[in-house]
Amino acid sequence: MIKIVLATAVVLTVGSIAGCGGGSASTPTATVSGIVADGYLRGAEVYLDKNGSYQWDAGEPKATSGSGGAYTLQMAQADMGKYPIVCRAVAGSTVDEDTGQPVQNSYVMSAPAGVTAFVSPMSTLVREKMAANTGMTMAEALTQLRNQLNMPSDVDMLADYVAGSQSGQHQSHYQTMRETARQMAALMAEEAPLVMSGNGVYVNRYQGMMGEINENMPYIADNAMNGFGMDSSFMIEMQNQMQATLQNMPSGGGFTNYSGMFRNMTSHTTFWNYTGNRWQPGGMTGSGMM
């Protein structure tokens, strides 16, 4: 079953604005709560991205995450479910509670509009799949991601994998998701000099980076599942390849079509082959570098 995770808490309130004649106009507002994580991120910027810039712009609701990555945003009720939530981990300020240390490079994560409970590298990739391939449904994006990670059909790909990795039916699967997400976030942070400028984001390069990650997801998952880190031969080669690709992409300018990097393929065997007594990544991938 595919379970779409929405806001952990939504509280509706009404704000009153005094009019010239002593009356008031009611403006319905909503309070949305959730969690941001690679590991849980404390001190990250969280905002509603109303113009698709991946950065905070004046007038957009904004908050700072607290302990356990928890955040609360207040927004107009009319904006509920219309725009993506974006999280910016800030270099030297945001603390990854997995390590207890501030992140060294800034990076950005997000989730599809309406998905607010858990913003992570996994939700980020689901958003990018749907954004690059407008015919892809949420259900298809989640199925594809599940198959890219070689997961059972009842694993919730938008769940809090940090909590899930500690107990429960799919503890080992959520641990795999957690380790894979850490390597995804490390790749995002590694490419920060090419995809970010101060507080801003080069949208073309950001989407190109996520496309490279998408094409190599089975290999990234396999790297994590086998206990290899960012210094494995695969990861070193992938980082070099990503840097070369991103350097050749425009930092600005008009829209670039990345749909070819997010093909709508949901068959499990598109991504994995059973060879040598174990499942190994293969099929629709960008590099085949393992």
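Some notes on this structure:
- Spacing of the two label points (7 Å from each Cα toward its C-beta) at residue 70 and residue 153, in nm: 3.7
- Difference of contour (0.36 nm per residue) and Cα-Cα distance, residue 101 to residue 233: 44.9 nm
- 5 angstrom amide H check on residue 228, placed H, neighbours 5+ away: none
- Added length on full extension, which subtracts the Cα-Cα distance from 0.36 nm per residue, residue 263 to residue 280: 4.1 nm
- If R0 is 30 Å, the Cβ-Cβ spacing of residue 27 and residue 199 corresponds to a FRET efficiency of close to 0.60.
- Under 5 Å, built H, 5+ apart or other chain: amide partners of residue 160: none
- Gaussian network model of the chain, Cα within-10 Å springs - most flexible of 110, 65, 233: 233
- As a proxy for reagent exposure, ranking 173, 268 by other Cβ atoms within 10 Å from fewest up yields 268, 173.
- 222 nm mean residue ellipticity, helices alone, for the chain (DSSP H n ≥ 4; -39,500 (n - 2.57); rounded to 500): -9000 deg cm²/dmol
- Cβ crowding within 10 Å, taken as a proxy for footprinting-reagent exposure, orders 71, 161 from fewest neighbours to most as 71, 161.
- Nonlocal amide H pairs with residue 196, under 5 Å, H built at 1.01 Å: 202
- For 83, 107, the sequence from fewest to most other C-beta atoms within 10 Å is 83, 107.
- Distance histogram in 5 Å bins (all Cα pairs of segment 166-250, percent per bin): 3, 14, 25, 21, 15, 11, 7, 3, 1, 0
- Residues residue 137 and residue 77, FRET efficiency given R0 of 30 Å [Cβ-Cβ distance, rounded to 0.05]: 0.70
- At 1.306 mPa s and 10 °C, Stokes diffusion of the chain via Kirkwood alpha-carbon radius, µm² per second: 81
- Farthest positive-ward along the chain dipole, Cα basis, beta-carbon charges - from 252, 74, 230: 74
- Set of aspartates and glutamates with alpha-carbon distance to residue 82 below 19 Å, sequence-local pairs under 8 removed: 49, 57, 60, 128
- Highest GNM mean-square fluctuation among 175, 55, 280, for the chain modelled with Cα contacts below 10 Å: 280.
- Length released on extending from residue 240 to residue 53, taking residue separation times 0.36 nm less the Cα-Cα span: 64.7 nm
Coordinate-derived values only; no laboratory data. This structure is a prediction, so every number in the text was calculated from the model and none was measured. Please note: Cβ atoms are built from the backbone with ideal geometry, for glycine as well, and neighbour counts cover all protein chains shown.
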